[in-house]
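*Asks:* Pasting a structure here, questions to come.
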Amino acid sequence: ALTLNSSTTADISGTLNVNAFGTYNMSNAGAINTVTGTLRNAGTLNTIANNIVVNNNGTFDHGLDGGTLPTCVWNAGSTCRISGVTSAGNMNGHSQVFSRFVYDCASQGSQNFVLGVNTSLFEAIESFTVNRTGSGSLQLTSSGGQRDFTFGNYYQYGGTVSITKNTGAGGQRS
């Protein structure tokens, strides 16, 4: 386990990998993580809201199968990358405003992975990119009636994406 003490700043300008059985504790008061490189989480992050600041050219790589995406400060030019989905149907924590959002899950099974579950906001100001969805698909909808998806630019280089209507509280959106 790695622990960031109170009132301490960590500058991740290279790559920090939190592996499957690893733990990075950064939930102490005043602990700030500035990411200009890559912070890849495939283990356990103990964090508090907004103590991870992802700057221009910085990447937070969510290498978990589902789980919870931490609430970060997403500065202009930062990237949130989802890369660990294999069998999960959704994740928590994506009700945020991102700069760039990349979905790249080559090992995803045949299930649909749903973005928009129980949230009213999903925004990628600069771009939303889909690279791979394995043998499954990425679905933009929710049973709770996703209200808005806002993307600066949409890029799809592979995979399958569906935008599904829902007659719930938000009606159909595209």
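The values are calculated or read from the model by the stated rules, or taken from the named source; none is laboratory data. It should be emphasised that the depicted structure is a prediction, and the values quoted were computed from it without experimental measurement. Don't worry about glycine lacking a Cβ; one is built from the backbone with ideal geometry, like all the others, and counts go over all protein chains shown. Quick note on the areas: whole protein, heavy atoms, side chains included, nothing else; ligands and nucleic acids left out. Shrake-Rupley method; radii C 1.70, N 1.55, O 1.52, S 1.80 Å.
*Asks:* Please report, as a whole percent, how much of the solvent-accessible surface of the range 30-93 comes from carbon and sulfur atoms (probe radius 1.4 Å).
*Replies:* For the range 30-93, the apolar C and S fraction of the accessible surface comes to 45 percent.
*Asks:* Placing +1 at every Lys and Arg Cβ and -1 at every Asp and Glu Cβ, with all other atoms neutral, what dipole size does the chain have around its Cα centre, in debye to the nearest 20?
*Replies:* So the dipole magnitude of the chain works out to roughly 260 debye.
*Asks:* Chymotrypsin sites (Phe, Trp or Tyr not before Pro), restricted to the range 1-62: which are DSSP loop and have at most 11 other Cβ atoms within 10 Å?
*Replies:* When the chymotrypsin sites (Phe, Trp or Tyr not before Pro) of the range 1-62 are filtered for loop state and at most 11 Cβ neighbours within 10 Å, Phe21 remain.
*Asks:* Turning to a different aspect of this structure: Can you tell me which of Ile82, Ile125, Ile52 moves the most in a GNM of the chain? Springs connect C-alpha atoms under 10 Å apart.
*Replies:* Highest fluctuation among the options: Ile125.
*Asks:* For Thr164 and Asn75, calculate 0.36 nm times their separation in residues minus their Cα-Cα distance, and state this gained length in nm to one decimal.
*Replies:* Working: separation 89, 0.36 × 89 = 32.04 nm, distance 2.96 nm.
Net length gain for the segment: 29.1 nm.
*Asks:* Quick one: work out Rg over Rh on the C-alpha atoms of the chain, Rh as Kirkwood radius.
*Replies:* With Rg and the Kirkwood Rh in hand, the quotient comes to 0.97.
*Asks:* Which peptide among 53-59, 6-12 comes first, and what is the full order, when sorted by highest mean count of other Cβ atoms within 10 Å? Present the calculation step by step, with values, prior to reporting the outcome.
*Replies:* Values: 53-59: 18.4, 6-12: 13.4.
Going by the mean number of other Cβ atoms within 10 Å, highest first, we get 53-59, 6-12.
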